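Everything below concerns the one structure shown next.
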Amino acid sequence: MEFGACSSVHNSAQFINFSPVRSNFHRPTGYSQLSSASFRFPTSVSSRGCLCKAILNETARTAGKVKKMVGAHSGGFELSGLTALSPLDGRYWGKVKELSPYMSEYGLIYYRVLVEIKWLLQLSQIPDVTEVPNFSEEAKSYLQEVIDGFSISDAIEIKNIEKVTNHDVKAVEYFLKQKCQSNAEVAKVLEFFHFACTSEDINNLAHALMLKEAMREVIFPVMDELIKAICNVARDNAHIPMLSRTHGQPASPTTLGKEMAIFAVRLSRERKELSEVEVLGKFAGAVGNYNAHFAAYPDVYWPCIAEEFVKSLGLSFNPYVAQIESHDYMAKLFHSLIQFNNVLLDFDRDIWGYISLGYFKQITKAGEIGSSTMPHKVNPIDFENSEGNLGMGNGGLSHLSMKLPISRWQRDLTDSTVLRNMGVGIGHSLLAYKSTLQGIGKLQVNEARLSEDLNLCWEVLAEPIQTVMRRYGVPEPYEKLKHLTRGRSVTRESIRDFIEGLDIPKEAKTDLSKLTPETYIGAAVELAKNVGNCVNAVMGMNIV
């Protein structure tokens, strides 16, 4: 039977299951292999009284091809930019890789190692803990070198230990015990690694340090660069008149620079809010009461020691906790990051619209293609990429901010897997910032197009004319201008004829007659030129 000859084919497909050989992806040692997956492929379609062999054969051939592909690849795939499931680790890796030392699994392990060693050093400073005497400078240097010299191979070794322990934090403790056996001083106190700690004591501080360092070293500098770039666009174009649009309709003129200045100031406010979020840490044991601490050393006031230790890491101390630090500060941080992203998304869409109106041209690059079929196109892809990634980032950050502060009783484990995704929302945000920056760098103002739009909209002068009429007591000024302009073609001549017929002082008529859509811009130029001062005042520092 030929394809299409079957007159009563149903759209319900039968499926077969097959389980490919366990995928042997090459990934860093210590990562567990993926479990066998079950794939389902349609093999036939049923019909009333007839079977469409063409569809059956094609479907079977497709299933066979996929089986063959999976079989061929299952033993040869390596984790790479082409095989990564997340585009952040694949296509976009080059733009977000500076987050990796902080927000990756490696980063989490590194900060766990740091916290464990710093806690051992803190114990050595407590007089009542005589079992951990003050370390010599040589021993301190040795421990610091474990932190400073921590490498990918060290992290892989910890992951190998985790294969046995099936516990990631305990694996760090065992690694440190092995690592420090060669130092005589430290070897005597190996059991004081992880002393009186629950895993969350280590993890919450590690997560806090990951966030704080990633924001300070990666995110804030790019945010500042973005704000500075928008400030520069504002000041460079402070004097260029532009038709405003409210509700999409022509409105009182502004300048291109002033509209850019709005975003610079908005973003600077959100950037400041982010920098002021207090990053908290706890170190109070299994349920926040220092139970084990006091059982071992009842004469030490452990809450004070814990506060001193947390603050020594550059974090603020949270004294009232269950097993976990409550994550409220994280929710605040992520909400603030979402709001920064929302403002930038608003900017992206406005620029996209201005490009569509022809207010901006985009500088082209040799060899680049805008459309695979329309050679003339130069698409605003950077702003579109940014908008898409801001949405992806906000989706992840929104879940984090709503989920993390909620934990059953003294704790459950739902936060653990979610916290491993902090880098996803932040990574998409970083990618968006860089895309917007790249897009800004391509913008070229089309003053002729801006002027053309203004000169087609003389009706925008209805606002100043009726306002001056109010000043001089002319009755029903709004209604008179409404009759003149609404639904009618308005020109320079019709506006000036109307002004000449007004019963107002001659000087006022002269001033109104001098107005054009391009000069009716109020204080826009001054506002745009002063944007740097405003941003610096908001931020409390000079960034522009």
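The values are calculated or read from the model by the stated rules, or taken from the named source; none is laboratory data. Owing to the predicted nature of the structure, the values given are computational and were not obtained by experimental measurement. Cβ coordinates were reconstructed from backbone atoms using ideal geometry, including for glycine residues, and neighbour counts include every protein chain displayed. What goes into the accessible areas is simple: the full protein's heavy atoms, side chains included, and nothing from ligands, DNA or RNA. Shrake-Rupley method; radii C 1.70, N 1.55, O 1.52, S 1.80 Å.
Numerical summary
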{"item": "Net length gained if the chain between VAL378 and ALA448 were fully extended (0.36 nm per residue, minus Cα distance)", "result": "23.3 nm"}
{"item": "SER244 long-range amide H proximity, modeled H, under 5 Å", "result": "ALA251, THR254"}
{"item": "Set of segment 242-279 residues, backbone N closer than 19 Å to the point 7 Å along the Cα-Cβ line of ALA537", "result": "258-273"}
{"item": "Accessible carbon and sulfur surface of segment 430-544 relative to its total accessible area, %, 1.4 Å", "result": "49 percent"}
{"item": "Taking all pairs of distinct alpha-carbon atoms in segment 153-297, Kirkwood radius in angstrom", "result": "20.3 Å"}
{"item": "Within segment 463-493: backbone nitrogen closer than 20 Å to the THR516 label point (7 Å, Cα to C-beta)", "result": "463-465, 490-493"}
{"item": "Rh by Kirkwood over Cα pairs, then Stokes-Einstein D for segment 381-509 at 1.002 mPa s and 20 °C, µm²/s", "result": "106 µm²/s"}
{"item": "Theoretical gain in end-to-end length, LEU357 to LEU456 [0.36 nm per residue, Cα-Cα removed]", "result": "34.2 nm"}
{"item": "Cα pair distances exceeding 14 angstrom across segment 259-309, given as percent", "result": "66 percent"}
{"item": "Descending semi-axes in whole angstrom, ellipsoid equivalent of segment 113-217, from the Cα gyration tensor", "result": "22, 17, 15"}
{"item": "Surface/4 of the Cα convex hull for segment 304-365, nm²", "result": "7.7 nm²"}
{"item": "Segment 300-307 - phi-based ³J(HN,Hα) in whole Hz, Karplus 6.51/-1.76/1.60, Gly and Pro as x", "result": "8, 8, 5, x, 5, 4, 5, 5"}
{"item": "Karplus-derived HN-Hα couplings along segment 263-277 (A = 6.51, B = -1.76, C = 1.60, θ = phi - 60°), whole Hz, x at Gly and Pro", "result": "5, 4, 6, 4, 5, 5, 5, 5, 4, 5, 4, 4, 5, 9, 5"}
{"item": "Residues whose placed amide H lies under 5 Å from that of LEU443, excluding near-sequence neighbours", "result": "ILE363"}
{"item": "Label-point separation, MET402 to ALA251 (7 Å along Cα→Cβ), nm", "result": "3.1 nm"}
{"item": "At most 13 other Cβ within 10 Å, DSSP loop - GluC sites (Glu not before Pro), segment 256-350", "result": "GLU276, GLU278"}
{"item": "Residues whose placed amide H lies under 5 Å from that of ALA286, excluding near-sequence neighbours", "result": "THR198, ASN291, ALA292"}
{"item": "For segment 287-330, radius of gyration divided by Kirkwood radius, i.e. Rg to Rh on alpha-carbons", "result": "0.99"}
{"item": "Distant alpha-carbon pairs in segment 500-544 (separation over 14 angstrom), percent", "result": "65 percent"}
{"item": "Shape parameters for segment 459-544, alpha-carbon atoms, Rg then Dmax in Å", "result": "17.9, 54"}
{"item": "Kirkwood Rh, Cα atoms: Rg over Rh of segment 414-461", "result": "1.45"}
{"item": "Principal axis box of segment 275-425, alpha-carbon based, largest edge first, Å", "result": "79, 27, 26"}
{"item": "Cross-link reach list, aspartates and glutamates versus LYS188, counting only Cα pairs under 19 Å and skipping chain neighbours closer than eight places", "result": "GLU116, ASP128, GLU131, GLU137, GLU138, GLU145, GLU173"}
{"item": "Whole-Hz ³J(HN,Hα) from phi, Karplus 6.51 cos²θ - 1.76 cosθ + 1.60, for segment 534-540, glycine and proline x", "result": "5, 4, 4, 5, 4, 6, x"}
